[in-house]
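A short worksheet on the structure shown next.
The values are calculated or read from the model by the stated rules, or taken from the named source; none is laboratory data. Note that the coordinates shown come from a computational prediction; the quantities given were computed from them, not determined experimentally. Glycine gets a Cβ as well: all are built from the backbone with ideal geometry, and neighbour counts include every protein chain shown.
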Amino acid sequence: MPHSYHPDHYNAHGWLRLPFFFWLVLLLLARTWLLFIMAGASQGQGATLLALFYPDRSHFWWGMALGLPAALVFLLSGRRHLWPRVWQCGWWLMLAALIISLAVQGVTLWQAQEPGLSDLLLTLLDMVSLAWWLLSRPLKRAFSAAENGE
């Protein structure tokens, strides 16, 4: 069922622009990568910053692993016209990352004696992100074969 969009919804390559929430989901999943970059840029206080947010190093490495798909999709987003089939796989890669992230947050909440507000908020954001990822028609269209010139 084709859906027509306003010409402003397309970029210079004639591809559907990625929705604003797409970028927010990428930021949510890549939050550990962003923190790592900020820690590296904070000259001498990086270890303290990382220890503040990730007292358990295993959580840091989980965050880095879960953020990798978001980082890859971000890097590919500007060149999706060059690798349309790889771009289509990005939707599934991000879906898997969102599901795993939600599962990790759920385990964290389940194991916590008293879950912190940040854990509850991240779990809620993961749930909303996953629901949006599955239900957004413009997002699915941006990853579809029709949009990729196939």
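The set of residues in region 109-145 that are without any contact (Cβ under 8 Å) to a residue 24 or more places away in the chain and hydroxyl-bearing (S, T, Y) comprises S118, T123. Please verify whether region 103-115 includes one or more residues that are charged (D, E, K, R) and either over 30 Å from W15 (Cβ atoms) or surrounded by 14 or more Cβ atoms within 10 Å (Cβ to Cβ) (or both). Yes: one or more hits. Applying the criterion of at least 1 residues that are more than 16 Å from F22 (Cα to Cα) to the helices (runs of 4 or more DSSP H) found wholly in region 33-150 leaves 46-53, 57-77, 84-111, 117-135. Scanning region 54-90 for residues that are touching a residue at least 40 places away in the same chain (Cβ under 8 Å), in contact with a helix residue (DSSP H, G or I) (Cβ under 7 Å, 6 or more places away or on another chain) and not aliphatic (A, V, I, L, M) gives W62, P69, F74, R80, W87, G90. What about W62, is it modelled with pLDDT under 90, surrounded by 16 or more Cβ atoms within 10 Å (Cβ to Cβ) and under 20 Å from V25 (Cα atoms)? Against the criterion (modelled with pLDDT under 90, surrounded by 16 or more Cβ atoms within 10 Å (Cβ to Cβ) and under 20 Å from V25 (Cα atoms)), W62 qualifies.
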